[in-house]
Every structure is written in structure tokens, then in C-alpha cells.
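To start, the structure under review is shown below, and the notes come after it.
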């Protein structure tokens, strides 16, 4: 058995509670320990490539015990979570000095990572709910970490809507348990398929109700358009590394990943479900980007773009073709890299100048060269300019739309990409290129660790674009992940 | 601040030991009778909350400071965590039950492998953290400045 699998959950959990125990007396512990933990998790996540197995906790076999499952999709998400997490903790060493308590910050951060790793690895529906709540509750606290009026308001809004989502999910899990008598995902899937075969392919009504609850719940968690109200406030007021984590991996892990896993591998995908995904995706893409372009607060602008880019991922998954799934997962990884970089850039700008208002910034390229250059890389990635990663994944998504015969969706994706480019040109012009509006002497230098994590992510923007070199059909790492979801297409 | 009347204080002083004892009993016998770490932990927290309610806010530091409770909270989860990890190192599987129980000690206090250890961890965790939640909700007073107040003045007051 591969003992790395439970350690992804055990290591951050242990560290999260070890830090507050020790660091009341020793001040350097949270930084060092938090970074060491995330570094070891990131290193461990690369060892999971190409492995797939089911881990029985406590050596109890499947119907009795709880299982953890590692496959291509889990390993892709694990790498994304832990690498972005490492970048965020590196950044926090310098950035979180402006907040009060590093001890609580790292503790909550590691609990959030525990929850996300758990969601990705678990094969049990109720454990999925528990890990989701762990990640979500830690993130509610982290969004309100500044404890000012705005932050608390955003956190409260996020908390109310997030709790609503988890309530939906819990009722859905309870319904499935009541109908199938099992919480193991594979067993639930098997008994649902046999029930559907007995009823000549029609799904029983409780299943349909549970499906609706899951779609609402996870769409709320991933902030797809009719459900997106909490996201801009939360991302805007969270500390920068937390915005990066929320946008980069949290919404994807406890939203898009779980939705895809349930729809493709548990419920079995159907044309109606694909249509729902397409509508949610297409709406999110265009509404997100149109709301974004008018914003003047850097982080709020990026937050609306998150909605739009998640729309791309969901749309691509909703095409229901292998190429669409590959494009969607590839864009998911790319988005987690460039969007967390953008939020870290916004944090660096705020750290150095004290404001995120684009109207008051300008000419930062001279004062903050690292932030300026890395944000240029990230902006070009998200806008889809070759050779950066965003271009390739958007290209695959557009080709997949054309191949599947959805020409208007392809045109829609191109249009959204153009508007994205326009709004990021706006950011570059007002913040980094225009004439300076504030005295250079007032601007603080970017600390070493913040610069380091931004440079690492900027390099990753280029490195992930190399995945297309192996051909559109089999990018490295993405293919085994896509295979997991493609298996679900058989029911079509 | 000064708490309730002498009668309430005296009754609570008598009761607290029994409530605490009952909580500990529920935790320790969690593997044999209904209950366990969570419910026992809640009862333990209730014993402290009762004193807190009867004696008033000022007693907090005397009976159980919230820093100590915060540390016990971490210790509780670390016990649970250590039980799971020891399973990995001794039994070869994460959460493996590495303590075997002889047949004659079934349904006795010392049985059921690692479950009592996990229960103690959960009991500590739940008891301490519920108490901390209560203390923070009861003792922390948030001052919201009125709109007419100068916000800078308020910040200086806090310092």
C-alpha cells in the first residue's frame, strides 16, 4: 500500500495543531514550520504521478471501512493544491507581518490545506462533506483575518452562502445514503446504475433531487454565475496569499473537482447534465468578464475574472468530449497558476504602495520591477497570448467546441478571451505603465520571499505551457486525469 | 461581573465535581456505553461553563485560563493524530488498530484497542474548544465606533 496517501491529510493536520502549541513562546516556529510542511507536501505530491490505488483506512475492507482513492485526477489536483500552497506560504513569510497573528494564520492555512487534500483523496461521500467543511470553515476565518469592517462583512456573506451550499450537499449525501445504503462512491455508482437498468434507464426521483442539490451546492462553492454573489467581496478582502489560495485552488477543489467527480463518476453523465454545465459555464464566462472590466480595485477585478475563467473550465467539461475534458483540466491547472500569481501581484502592490485602486497607481514598473514583470507574464497568460499557458488551454477548449459542433460556444469563448485581454491591458496600463502618480520614495521594496514566490509562479506559467509539446491528445499529467472523467462518458 | 447569588454559587460548587466526573465517565466508557469523546467533552465543558456563569467573568483566569484551554485543545487533537500515526508505524496501515484485546477482557474498561485513546483525545479537544468558544463569546466585547466618531481617535483608544 502507498502510505503517502494518508500522509497528505495527516501531515498538515498535525502541523496545524503543533504550531499553536509551540509558537506562543518561540516566534519563528510558524514561518519555518508552515513552509517546511508545505514544501514536504509539494514534494510528496510529485511522487503520486502515475499511481492509482484505493487505500483502506485501518485495513478495514470497503463496505465497512472508509477508503481513500488516488487516481490521475486526484494526483493532478494534489500537485496544484500543494505547489500553489507552497508559493502562498513563502509569500506569507513577509506579507503576513502586516497582520497580527502568524500563529493563527498558519494554523488555519494548514487546516484549509488538510481539507482540500482530503476532498481530493476521499472515496467516501460523507468524508467528502467533512473535508469540504474543514476547508470551507478555515477559509471563512481566513477571509475575515484582517478583522476590519469590510473583511468581516465579506466573511459573513461568504459564511452564510457557504453554509447554504454545505446544507444542500449534506441533504444530497443523506438522500444518496438512504437510497443506496452506502457512502462509498464506487458502491453508490454501482447500485445507481443497477437501479437505472432495472427502470429502463430512467433515474428514480430521489436521485434526481439529490443531483439538483449537488449541482446547486457545488455551483455555489465554485461561484458559477447565478451563485457567485459571495466571491468578489471575499477575494477582495482576504489577505493576498489567501485570495490566491481561494481563487487558485479552493473553488476548484471543493467546487469544480467534486462536481465533475460526482457527475462523471458517480451519477453518470447525460445530455441534460452536459447542457446544464454548458449553460452555467457560458453564463459565468461572459457575466464574469463583463463585470470585471469596469472594476478599479485590482483584487476585485481579478476576482470577477476568476468567475469567468472557472466558466471556461465548466464549459469545457460540459462539452462531453475527451478533448473538451483535457482542455478543461488543463485550463484548471493553468488558471490556478496564473490567477494565484495575479493575486500575489496585487498583494505586493498593496504592500508597497498601500492601495489597490488603479486610479491612484501608475508607473510601478520602475519602482517594483519584479512585480511588474511577473504581472505582465500572468496577464498575458490569462488573456491567452502565446507562448504562455493560458493560450494553449483556451485554444484546446475552442478547438474542442468546434469539434463537438458548438460553433457559437467557440465564438463565445473567443469573445470572452478578447474582453479578458482588454481588461488586463487596462491593469497593465494604469498600474504599471502609465506615468507615476505617487512619489517613488514612498514606495516600499518588495521583500525577498514575496519576490521569490512570484518569480516561481511566473516560471510555472511558462513551464505548464510545455505540456502541449507532447501533443494535444496526451499532454503530460493531464491525460491520466482526463481518463478518469472520460470513463464517465461511456454512459452517454 | 460578580456573578449570581450565594445560593447559586454554593450549589454550583457542589455540583461541578459530579458533572466533571460524569463527563470523564462518558469519555472513558465511550466504547462500552452510549456516548463517547464528543458527548463526554461537551459535559466536561459544561462543568466549567457552569462555574463561569455562576461566579461571573472575573473567575475565568482562576479556574481555567483560555490560553491553557487553547493548548489543551491542540493536545487533544494531537493525541487522536498520534493514535492514527502510530497505527501506520506499528500496524503498517494508517488508523490500524495496533492494540489487540484478549478475549477475556471484552466489555471491560481496558479493551477495544485504540478507540478509548481516540475518545480521550476527542474529549479533551471538544471540552477545551467549547469552553474557549464560550469564553470568547461571553468575555470579548466588541466596540463598534459610531459613524460620527473619529475613527483615528478610536484606534488610539485601543492602543
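The values are calculated or read from the model by the stated rules, or taken from the named source; none is laboratory data. Only a predicted model underlies this, so the values are computations on that prediction, with no experimental measurement involved. Neighbour counts run over all protein chains shown; Cβ positions are idealised from the backbone, glycine included.
Taken over the range A:3-12, the criterion of being in a helix (DSSP H, G or I) and either facing another protein chain (nearest Cβ under 9 Å) or within 17 Å of residue A:134 (Cβ to Cβ) (or both) is satisfied by A:5, A:6, A:7, A:8, A:9, A:10, A:11, A:12.
Quick check on residue A:41: is it farther than 23 Å from residue A:478 by Cα and under 21 Å from the mean Cα position of the chain (by Cα)? The answer is no for residue A:41.
Rundown of residues vs (1) surrounded by fewer than 20 Cβ atoms within 10 Å (Cβ to Cβ); (2) farther than 23 Å from residue A:242 by Cα, yes/no style:
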residue: A:271; (1), (2): yes, yes
residue: A:280; (1), (2): no, yes
residue: A:286; (1), (2): yes, yes
residue: A:304; (1), (2): no, no
residue: A:310; (1), (2): no, no
residue: A:325; (1), (2): no, yes
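Those helices (runs of 4 or more DSSP H) of the range A:164-259 in which at least 2 residues are modelled with pLDDT of 90 or more and surrounded by 24 or more Cβ atoms within 10 Å (Cβ to Cβ), considering only elements entirely within it, cover A:205-222, A:231-237, A:240-245.
Please verify whether residue A:105 is assigned to a helix (DSSP H, G or I) and either free of Cβ contacts under 8 Å to residues at least 24 places away in the same chain or more than 16 Å from the chain's Cα centre (by Cα) (or both), treating the condition exactly as stated. Even if it seems obvious, please write down each step before you answer.
Details: assigned to a helix (DSSP H, G or I): yes; either free of Cβ contacts under 8 Å to residues at least 24 places away in the same chain or more than 16 Å from the chain's Cα centre (by Cα) (or both): yes.
In short, yes.
The single condition among (1) more than 14 Å from every other protein chain (Cβ to nearest Cβ); (2) touching a residue at least 24 places away in the same chain (Cβ under 8 Å) that residue B:118 does not meet is (1).
Residue-wise test of (1) under 30 Å from residue A:55 (Cβ atoms); (2) in contact with a strand residue (DSSP E or B) (Cβ under 7 Å, 6 or more places away or on another chain); (3) modelled with pLDDT under 80; (4) surrounded by 10 or more Cβ atoms within 10 Å (Cβ to Cβ).
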site: B:66; (1), (2), (3), (4): no, no, yes, yes
site: B:69; (1), (2), (3), (4): no, no, no, yes
site: B:75; (1), (2), (3), (4): yes, no, no, yes
site: B:79; (1), (2), (3), (4): yes, no, no, yes
site: B:106; (1), (2), (3), (4): yes, no, no, yes
site: B:134; (1), (2), (3), (4): no, no, no, yes
site: B:138; (1), (2), (3), (4): no, no, yes, yes
site: B:143; (1), (2), (3), (4): no, no, yes, no
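Scanning the range A:18-30 for residues that are buried (at least 16 other Cβ atoms within 10 Å of the Cβ) and either within 9 Å of chain B (Cβ to nearest Cβ) or at pLDDT 90 or above (or both) yields a count of 4. Among the residues of this structure, residue B:19 counts as one that is within 26 Å of residue B:117 (Cβ to Cβ) and in contact (Cβ under 8 Å) with a residue 12 or more places away in the chain.
Of the helices (runs of 4 or more DSSP H) entirely within the range A:311-390, those holding at least 2 residues that are within 20 Å of the chain's Cα centre (by Cα) occupy A:322-353, A:369-383.
Residue count for the range A:40-68, restricted to those that are within 14 Å of another protein chain (Cβ to nearest Cβ), outside any loop (DSSP other than H, G, I, E, B) and out of contact with any helix residue (DSSP H, G or I) (no Cβ under 6 Å at 6 or more places or on another chain): 7. Taking the listed residues A:423, A:417, A:381, the one that is surrounded by 17 or more Cβ atoms within 10 Å (Cβ to Cβ), at pLDDT 90 or above, farther than 27 Å from residue A:479 by Cβ and touching a helix residue (DSSP H, G or I) at 6+ places or on another chain (Cβ under 8 Å) is A:423, with no other qualifying. Taking the listed residues A:80, A:15, A:94, A:88, the one that is within 14 Å of chain B (Cβ to nearest Cβ), touching a helix residue (DSSP H, G or I) at 6+ places or on another chain (Cβ under 8 Å) and surrounded by 15 or more Cβ atoms within 10 Å (Cβ to Cβ) is A:15, with no other qualifying. Within the option set A:46, A:33, being surrounded by 14 or more Cβ atoms within 10 Å (Cβ to Cβ) and at pLDDT 85 or above holds for one residue only, A:33.
For the subset of the range B:76-100 comprising residues that are more than 7 Å from chain A (Cβ to nearest Cβ) and touching a helix residue (DSSP H, G or I) at 6+ places or on another chain (Cβ under 6 Å), which member is farthest from residue A:68 (Cα to Cα)? Selected residue: B:76.
What do you reckon, is residue A:8 surrounded by fewer than 19 Cβ atoms within 10 Å (Cβ to Cβ) and within 26 Å of residue A:339 (Cβ to Cβ)?
So residue A:8 fails the test.
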